[in-house]
Amino acid sequence: MSLIKKRKNTTDKPLIIAGPCSAETEEQMLETASRIDPDFVQIFRAGIWKPRTKPNSFEGVGEPGLKWLQKVKRQYGFNTAVEVANAKHVELALDNEVDVLWIGARTTVNPFTVQEIADALSGTEKTIVVKNPVNPDLELWIGAVERLSARNIKNIAAIHRGFSTYKKTKYRNNPQWQIAFDFMNRLPEIPILCDPSHICGKRDGIAEVAQLAFNFEYDGLMIETHHNPDCALSDAQQQVSPERLSEILKGLKVRKSDDEDAIYHANLQRLRGEIDETDQSILDAISQRMSISAQIGELKKEHNVAIFQNERWSQIRNQAIEKGAELGLSEEFIDMLLKAIHQESINHQNLIMNQRQLSLE
C-alpha cells in the first residue's frame, strides 16, 4: 500500500514529510524527531548520501545513518524516507527497512541511472518518489516515472522542488509551476508533493510557497527540518526548526476541488500563480536590460557621445511594433511600454553622465 496518496477532498489529511537535509549524528536525528509533531507529520526524512555541487563539502554519513533512521522509527513511530542515487543505495535502504525512497533531482536527469534504480527496485511495494529534474524538462520527469512503472512498481509519487536557473531570482530553484501543472495533467493518478525548502533556498519563504502548493491542489509537502537549523552541515538557510514547522503547518489552508465553484477557484489560483511567475520573469528581464543600458552609458561617457540617439530609438520602436503585431499586441500598448522602458534607460545613462560632471565640479 502506498504511503502517499491522492487527496480526494478537503477532509483528507495532506501528507507531510519532514526531517533534516542530512543525517549528521544520532543525537541530531533523535532530537529532531522528538520535537516534530506526529499530528502533522507522517514521514521522517534524512539525507544519508548527499551529492554536492563541489567536492570537499559534507556529503553525508552514509550507511551508519540508516541505523539512526531505524531508531527514529522505533522510538517515535514515523515512517522513514531517504534519497537513493544508485542500485547500492537501494539495496542498503531496503535492507534497513526504509519505507519511502526518493530519486533526487540530479539523478532524474540521467535516464541510465534511473533505469539502474528501477531495475534494483523491480516489483517493490515500497513507495518510490521522483523529484523533478534539475533542468526544466517535463519529459525527463515523466520518463523517470514510466521507467519505474515498467518495472512493476505500483506505488509512485512525485515531488516538485523547482528548477535551476542561471538568472538570480528570489527563489533558489524557480518553481515554474506550469511544468508541475503539465505533469499533473499528463499523470493525474500520480500524487504530487511540493518541496518549498528547495524552491525557496531560504526559510523565510517556505510558508508562502507551501500555501501556494495547497492552493494548486498538491497532495502534500516535504519540508527540511533540523533541531538547530543554523548549525546544520548542509543547506542551513532553508531548514526550519520543528517548532517553526508546526507553526507553518497550522497556518496553512488545505484546498480541494469538491464542486464546480471550487474547481473555478483552483484553476484561478493556478493561472494567477503563472501570472506571478511571468511578472517576475518580466521584471528580471527589465532589470537585465537596465544593466546593459548602464554599460552603454559608460561607453558613451568614455567616448563623449550623446545619450539619446534618435535613429537607434526609431529602429527599436519599429522592430518592437512589428514583432508585437505578430504576437497579437497592439501598437498603442507596445509604444507605451517601450517609451517607459526607454525613459528608464535614459535615466540610468543620465546618472552615469552626471557622475562625470559632478567629478569635474
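Brief remarks follow.
- If the condition is being surrounded by 12 or more Cβ atoms within 10 Å (Cβ to Cβ), out of contact with any Lys or Arg (no Cβ under 9 Å at 6 or more places or on another chain) and closer than 24 Å to ASN215 by Cα, then segment 277-306 contributes only GLU277.
- From ASN215, ASN152, ASN185, residue being surrounded by fewer than 20 Cβ atoms within 10 Å (Cβ to Cβ) and touching a His at 6+ places or on another chain (Cβ under 9 Å): ASN215
- Failed item, numbered, when GLY328 is tested on (1) of a type outside the set (Phe, Trp, Tyr); (2) under 33 Å from the mean Cα position of the chain (by Cα); (3) at negative phi: (3)
- Criterion applied to GLU116, GLU125 was being assigned by TED's automatic domain parsing to the domain that holds ALA157, assigned to a helix (DSSP H, G or I) and surrounded by fewer than 22 Cβ atoms within 10 Å (Cβ to Cβ), and the one residue passing it is GLU116.
- Scanning segment 76-83 turns up no residue that is in contact with a Ser or Thr (Cβ under 6 Å, 6 or more places away or on another chain) and crowded, with 16+ Cβ neighbours inside 10 Å.
- Residue in segment 109-126 that is at pLDDT 95 or above, under 27 Å from LEU249 (Cα atoms) and either among the aliphatic types (A, V, I, L, M) or in contact with a strand residue (DSSP E or B) (Cβ under 9 Å, 6 or more places away or on another chain) (or both) present: yes
Quick grid of which residues meet (1) aromatic (Phe, Trp, Tyr); (2) outside the structural domain of PHE163 (by TED's automatic domain parsing); (3) under 26 Å from the mean Cα position of the chain (by Cα); (4) not in a helix (DSSP H, G or I):
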{"position": "ARG270", "(1), (2), (3), (4)": "no, yes, yes, no"}
{"position": "ILE275", "(1), (2), (3), (4)": "no, yes, yes, no"}
{"position": "ASP284", "(1), (2), (3), (4)": "no, yes, yes, no"}
{"position": "SER287", "(1), (2), (3), (4)": "no, yes, yes, no"}
{"position": "SER293", "(1), (2), (3), (4)": "no, yes, no, no"}
{"position": "VAL305", "(1), (2), (3), (4)": "no, yes, no, yes"}
{"position": "PHE308", "(1), (2), (3), (4)": "yes, yes, no, yes"}
{"position": "ARG312", "(1), (2), (3), (4)": "no, yes, no, no"}
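- Restricting segment 34-54 to residues that are among the basic types (Lys, Arg) and within 12 Å of VAL82 (Cβ to Cβ), the residue that is surrounded by the fewest Cβ atoms within 10 Å (Cβ to Cβ): LYS50
- The one condition in (1) within 22 Å of ALA93 (Cα to Cα); (2) out of contact with any Leu (no Cβ under 8 Å at 6 or more places or on another chain); (3) not in a strand (DSSP E or B) that LEU148 fails to fulfil: (2)
For every residue, the table says whether it meets (1) modelled with pLDDT under 95; (2) outside any strand (DSSP E or B); (3) basic (Lys, Arg).
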residue	(1), (2), (3)
ASP12	yes, yes, no
ALA18	no, no, no
ALA33	no, yes, no
PRO38	no, yes, no
VAL41	no, yes, no
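Conditions tested, residue by residue: (1) at pLDDT 95 or above; (2) of a type in the set (A, V, I, L, M, F, W, C).
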residue	(1), (2)
VAL145	yes, yes
ASN152	yes, no
ALA158	yes, yes
TRP177	no, yes
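- Pair list, Cβ < 7 Å and 6+ apart or interchain, from segment 210-235 residues that are farther than 30 Å from GLU189 by Cβ and small (Gly, Ala, Ser) to residues that are modelled with pLDDT of 95 or more and part of a loop (DSSP other than H, G, I, E, B): ALA232/PRO20; ALA232/CYS21; ALA232/HIS226; ALA232/GLN239; SER234/CYS21
- When segment 1-33 is filtered for residues that are in contact with a Phe, Trp or Tyr (Cβ under 7 Å, 6 or more places away or on another chain) and either exposed (fewer than 15 other Cβ atoms within 10 Å of the Cβ) or on the phi > 0 side of the Ramachandran plot (or both), only GLY19 remains.
- Test: residue in segment 55-64 that is assigned by TED's automatic domain parsing to the domain that holds SER22, surrounded by fewer than 23 Cβ atoms within 10 Å (Cβ to Cβ), in contact with a strand residue (DSSP E or B) (Cβ under 7 Å, 6 or more places away or on another chain) and more than 21 Å from GLN239 (Cα to Cα): no
- Of the residues GLU243, GLU224, the single one that is more than 26 Å from HIS342 (Cβ to Cβ), surrounded by fewer than 19 Cβ atoms within 10 Å (Cβ to Cβ) and modelled with pLDDT of 90 or more is GLU243.
The rows are residues; the columns are (1) touching a Leu at 6+ places or on another chain (Cβ under 8 Å); (2) in contact (Cβ under 8 Å) with a residue 24 or more places away in the chain; (3) not in a helix (DSSP H, G or I).
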residue: TRP49; (1), (2), (3): no, yes, yes
residue: ASN56; (1), (2), (3): no, no, yes
residue: LEU66; (1), (2), (3): yes, yes, no
residue: GLN75; (1), (2), (3): yes, yes, no
residue: LEU92; (1), (2), (3): yes, yes, no
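The values are calculated or read from the model by the stated rules, or taken from the named source; none is laboratory data. Source: prediction; values computed, not measured. Positions of Cβ are backbone-derived with ideal geometry, glycine not excepted, and every protein chain shown enters the neighbour counts.
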